[in-house]
Amino acid sequence: MSHGTPHDSPKLNRSQEEAVHHVKGPLLVLAGAGSGKTRVITHRIARLVEVHRVAPQRILAVSFTNKAAEEMGERMEPLVGKERSKKLWLSTFHSFGVRFLSEEAGAAFGASGKTRFSIFDQADCVGLLREIMKREGLHPSGGQGKGAERKLDLWSVHARISLWKNKGLGPAQIKQSDVEYDEVARQAYPHYEAALRAMRAFDFDDLVSVPARILREREDIRERWRERFEHLLVDEFQDTNAIQLELVKLLVNEQRNVCVVGDDDQSIYGWRGAEVGNILAFESIFGGAKIVKLEENYRSRSAILTVANEAIARSKGKRFDKRLRATKVGGDNVRLCVIGDAEQEAKFIAKEIRDLVKSGHRYKDVAVLYRSNLQARLVEEELRVEGIPYRLVGGTQFFDRKEVKDALAYLRAAIQPKDELALRRIVNTPARGIGETTIARVERWALAKHVPFTKAILEPTHIPDVPDAAIRGAHQLKRALDAARERFDEAEALGRPDPERPRLPPIALSLFDESGLKRDLAETGTEAERQARWGNVEFVLRSLDRYERAVAKDGEQADLGKFLQRLSIRRDDDEEETGNEVTLSSLHSAKGLEWPVVFLIGLNEGTLPHLRTIDPKVSEAAPTDVEEERRLFYVGVTRARERLYLTRFLRRELRGKNQETVPSRFLEGLPEAVIDKYERDDDAPAKVEEAAAFGAALLAQLRARK
C-alpha cells in the first residue's frame, strides 16, 4: 500500500525538492535556521523507500538527541507506514553505538561472538577515577600522596578524558603537560581504560569511539557493516566531533550515498569537541559532493532575519555564503533596549512580560535567553516577585537548589517558630546527630504529650532514648535560631532602616554561620562545588540586601517575612499545570527551540562574547572562540518568531563599585531601519541621552580596539 509520494508535496519548496530528489553520491544540505530541515530528511527517506524501493533496514539516519530521533520516527510513520518505519535505523550516534556493540563488543574485549557489557554513567566514571587516584596515588606533581584525590575536581579530570576520546586520542597519544589537571588526566587515562575493559564496561564516549576503533582495525567487520547500509543521513552535521566524523567515514561504502544536513552558522559546541571544520570540509572529504542551500525561513519575521543575516555576515571566519529569506511578511521591528544595570534589566523583563500577557500572549510564548546561567538569577527573582510562572531549561531553578532552599528554610524557622516544614528541613542540615530514628521518637513523644513538634524537637532533653549527640545538636540549633530571631526583632523595632545600611543581611549571615550551614557548604564536595553552593547562598543575601534598600527608599519598614513571601510566590492556577510558563534558557540549551517572543539579554562585552574568549588574561583565547560566540548570538536571534528584544545594560557592580560596560561587538553595524530603540514609559531604565552618550563612546572604544 502506498502512503503517497512525498516529492509531489506542494509543501516542499524548490531547494527542498532538490535535496529530496538527489539519490546517488554525497550530498550536503545547508539548512539555515527555520528552513524545514527535518521535513527534508523525512521526505528524502520516504522517497528512497517509496520511489527507489530501498529497503528501510538499509537506511541509517543519525541525529544528536533522542528527542530528535523520536520526532523523526513519528514523522516517518505516516509517510512510509508503521511497519516500514520500525525497520529504519533512526538513532543518535550513541544509541547506534549500543546496537553496534551489542553485536561486536567481543572485538573490544578480545573475545569472540557477542559479549555482554555494562554502560557507566558519568557518576560511575568519576567514582572509578576516584578509586584509581587512591590506588595509584596520583596527584598534580605526578608522585605519591595519600588523600590527593580529594584536592582534585574529578569531574574536571573526567571531562578531559572525555574530550580526548571525542578527538579520537588514546592514552598513548596524550603528551605531558604543565597544566595540573591535564597532567593528572593523562596519568589516569590508561588506568581508567584498563579498568573499564576489565569490568567489561564502556563509558558514554566509548559508544562512539570504540565502534570507530573496531571498524578501523577490523576490515571484516568494517565490510560487513558497510554492506548493511545503502544510505546514511546525518542531521546537525556541524555539531559532529572528530570521532563522529571518522565513524561516518568508516560506515560509508563505495557507493558513497551519504547525506549530511547542517548549518555552519549554528555551530556552537566547540567547547565540548564539536568541529565546524567537518561541515566546511565536506566537499574535500567526499569529493564531488552536491551542495543544496535551504535559505527560505518559515519561522521568523523579516526584521528578525535581517538582524540575523547582518550579524553573521560580519563573521571573520570561513563560512558558506547564504542568507535567510523571510516567508512571513510584516511584523514588528527588533527592539533594542539599553538599561541601567542588570537588576533593572530583570525588572524591565518582568514588567514587559506582564504587558505582553495583558495584550494576548501566553506565558509560554516568551523565552529569556542568556549566555551564562548566572544571568538567570536576577530574572528568576523578579519573575517570582511578579508571580510569573517560569521553567528553567537545562538546569535546576535557582530557588529550587538545595542550598538555597536550606538557607530560606533557616530564615523561615528563625522568624516563625511554628513553621514545622522549615524546621524539619534544617533540623539535621548540616548533620547534627538528629537522624530519622530520633525524629520518629520525638514525634511519638510530642503526640502523646500534646506538645508541638517544633518545641519538642528543639528541647528533647527529657524525651526517652534521644541520644546525647542529638540533644547537643538540638540545643546548638535552638541557640542559633533564638539569637537570630532576637536580632531580627530588634532590627524591626528600630523602625525604617537607612537605605545605605541594611540590617537584615548581616543577621542572616550570622545565622548561617552559627548554625553550621556556612561551614558545611565550605567543606563538602569539590572546590568548584563548594564555591558554587556558597555563591548561591550569598546571592540570597544580596537579594535580601536589595529588598531592604528598595523598601527603605520607599519609606517602608523592611519585613523579612514579606521578603520570604515574595520569593515563595507560586501560581497554582491551571495555566501553570498545563505548561504555560515563561522559558529561561541558556543560548546553548535553546538550540533547536523557538518562541513567538524572545528576550536576548546581557549583550555586553565580557558576557556575549564571553570574557574568556576575548581576554587572554582569563584564558588562551583564540579568534575562532569569538566567531563561535557570534554564531551563538545568531542562534539566539533566530529563536524568535514574532518579536525580538535585544537588551544590554550600561553599568555593572564590580568589587562594590559601578563600572561602565561596553556594548557587545555583535550589536555594531546592525541595520537601523529594522531596529527600534525601546524603553518603557512607566519605568525608563536609562535616559535616552545617557544611553546614546554611553553607546557612542563605547562603540568608539570597540572600533579603536580592532
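The values are calculated or read from the model by the stated rules, or taken from the named source; none is laboratory data. Since we're looking at a predicted model, the values are computed, not measured. Glycine gets a Cβ as well: all are built from the backbone with ideal geometry, and neighbour counts include every protein chain shown. Note: areas computed on protein heavy atoms with side chains; ligands, DNA, RNA excluded. Shrake-Rupley method; radii C 1.70, N 1.55, O 1.52, S 1.80 Å.
Just a few scattered comments:
- Take every DSSP beta bridge whose two residues both sit in the chain; close to 10 percent of them are antiparallel.
- Summed over the residues of the chain and divided among them, the accessible surface reaches 46 Å² per residue at a probe radius of 1.4 Å.
- Measuring nothing but how far apart in sequence close Cα pairs (under 8 Å, 6+ apart) lie, relative to its length, the chain scores a relative contact order of 16 percent.
- Only Lys, Arg, Asp and Glu carry charge here, each on its Cβ (+1 for the first two, -1 for the last two); on that basis the chain has a dipole of about 1280 debye about its Cα centre.
- Protein accessible area in the stretch 377-428, 1.4 Å probe - carbon and sulfur %: 47 percent
- Taking a ≥ b ≥ c as the square roots of the eigenvalues of the Cα gyration tensor, an a/c ratio of 1.5 or more together with a/b larger than b/c marks the stretch 23-173 as prolate.
- Of LYS418/LYS455; LYS67/LYS322; LYS37/LYS290; LYS418/LYS449; LYS11/LYS67; LYS347/LYS677, pairs whose Cα-Cα distance is over 20 Å: LYS67/LYS322; LYS11/LYS67
- Protein heavy-atom surface of the stretch 125-284, 1.4 angstrom probe: 48% of the accessible area is carbon and sulfur, with nucleic acids and ligands not counted.
- Against the main long axis of the alpha-carbon atoms of the chain, helix 66-80 sits at an angle near 40°.
- Loop-located GluC sites (Glu not before Pro) in the stretch 238-302, at most 12 other Cβ atoms within 10 Å (DSSP): GLU254
- Accessible-area composition of the stretch 431-564, carbon plus sulfur, in percent [1.4 Å probe]: 49 percent
- Estimated purely from DSSP H runs of n ≥ 4, each contributing -39500 (n - 2.57), the mean residue ellipticity at 222 nm for the chain is -15500 deg cm²/dmol once divided by its residues.
- Crossing angle, helix 180-198 versus the chain [Cα axis fit, 0-90 degrees, rounded to tens]: 70 degrees
- Taking all Cα pairs closer than 8 Å and separated by 6 or more residues, the relative contact order of the stretch 281-420 comes to 17 percent.
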